[in-house]
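What follows is a set of notes on a single structure, which appears directly below.
Read-outs: derived from the displayed coordinates by stated rules, not from any lab. What you are looking at is a predicted structure, and each value in this text was computed from that prediction instead of being measured. Cβ: placed from backbone, ideal geometry, glycine included. Neighbour counts: every protein chain shown.
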Amino acid sequence: MAEAEKTRIALLAIDDDPKSLELVQDALAREDLTIVTATDPHSGLELALRERPEIVLVDLVMPEMNGITVLERILEAAPATEVILTTGHYSAESAVEAIRKGASDYLTKPLSISRLRERIGALIEDFERRRRALQLDREMLRTYQFEGIVGRSPLMLDVFSRIRRAAPHFKTALVTGATGCGKELVSRALHRLSPSTQARFVVCNSSAIVETLFESELFGHVKGAFTGAVQDKIGLFEYAAGGTLFLDEIGDLPLTVQTKLLRVLETREFQRVGSPAPRRADVRIVAATNRNLREMIESKQFREDLFYRLATVEIKLPRLADRKEDLPLLERFFLDRLSNEYGKRIRGVTPRVQILFARYHWPGNVRELENVLSNACMMCEGDTIDVQDLPEHLAKPTYQAAADDGEELLPMAEVHRRHARRVLEAVHGNKAEAARILGLHRATLYRLIGEMDPEEAKAKGA
Ligand SMILES: Nc1ncnc2c1ncn2[C@@H]1O[C@H](COP(=O)(O)OP(=O)(O)OP(=O)(O)O)[C@@H](O)[C@H]1O
Ligand SMILES: [Mg+2]
């Protein structure tokens, strides 16, 4: 049964003394709790492994198998289970051992009914709270998903609205943004919502094509057009006819090809290499890049006219670091998917992980988050991802990432050096004045900024 639909929480009590089990049943009879019992540890363990109850009460001393072994076996298979040990033979050592092995509590017999109720009540409340939170998360996820793109930040809502408005009409569109922030996802959404949704979405990855083959790749060639052209070949423009051609990494397009592409976009016609016959270019174009095309125009690496032709519709994707309010939703989205993939029941991440995530700068954006969670799911033994499941650079964040204001934390010497340079700049390089302000001897200032003091040099040379 799916976790979220299950409303009753199951408790399994294992004890060789039936009286003890009766007491538990009486004490805990409540509507939201299903109680199962077993008087021998073997069948108890079997029940636990099959039914996966949320809570297990187990007696410490039983013939055949003791409670600690049962505890270990259960936690091995279902680490999220709350296992409470009960015993009539209290000893500090066994209590410590039980807790160390992962028991969530240790109760002495005769069991105090009120203590038992209080303890189980608290666990149930905790389960309910988590279940409600999970349900809310899932509802949010349904609300804040647009064509498989997750986001609720104003920046992403704006992206959704642009896609929605552009998709029915665009002929060309440009999708920009840093690596891993969803450019391909958005491009596919544009295609799906366009009138040509039934036709092909064809990907052309410009960074994977050698310069000399670009033209033939895009427009095709006829037999004998060049050495190696042993037969006619259609290009991506023809292959995508009626649909969408996705020109990924458009920033890597060589200038010569940029010129040809521009012509095609203007005339809506192209020719196969080696053939004069014009053919109709009946495709929508979505171009994507993580490079700064405006800068590339400045440095003459990208044609300005092509840029404006492509950017009639421009969708800019924000970096994940600029929309951290999307993190919890994205976490939920990926964890649901990954739990399925790995056959695990991962409910979420601990608050500590949430804090680390919120502080991290995510240079690889959503793809990086996906990878981090995927690894964590593999590592995770319980139902909640904790710090030890994260890769080292996140678990042990650099001081820079851990600093609340995001400012780099530096060694004292480096702070001194930078401060000295700042003061020096402020006084236009007047070293005597800088030393006076800093309260340092001039020789010390020179050492600090890594220069040789001319006086000292003279003295040494003398
Ligand atoms: N908003 C989002 N919601 C859900 N999944 C996302 C989102 N953004 C990105 N992803 C996922 O992150 C991964 C990277 O996305 P995508 O390939 O679209 O990025 P990209 O911008 O094209 O990256 P690159 O510049 O490296 O090619 C994919 O698995 C994609 O499904
Ligand atoms: Mg991409």
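Normalised by the number of residues in the chain, the average gap of Cα pairs under 8 Å and 6 or more apart makes the relative contact order 11 percent. Magnitude of the charge dipole for the range 3-139, about its Cα centre and with charges confined to Cβ atoms of Lys, Arg (+1) and Asp, Glu (-1), is about 320 debye. Relative contact order of the range 274-402: 22 percent, from C-alpha pairs under 8 Å at least 6 residues apart in sequence.
Taken one residue at a time, the phi angles of the range 298-303 give Karplus couplings (6.51, -1.76, 1.60, θ = phi - 60°) of 3, 8, 6, 9, 9, 6 Hz. Gly and Pro are set to x.
Calculate how steeply helix 327-342 sits against the longest principal axis of the alpha-carbon atoms of the chain, using the helix alpha-carbon long axis, and give the answer as 0 to 90 degrees to the nearest 10. Once rounded, the angle reads 70 degrees. For residue 172, the residues 5 or more places off, or on other chains, whose built amide H falls under 5 Å of its own are 285.
For residue 34, the residues whose amide H sits under 5 Å from its own are 9, 10, 11, ignoring neighbours fewer than 5 places away on the same chain, with H placed 1.01 Å from N.
Over the chain, dividing the summed -39,500 (n - 2.57) contributions of all DSSP H runs of at least 4 residues by the number of residues returns a 222 nm mean residue ellipticity of -14000 deg cm²/dmol.
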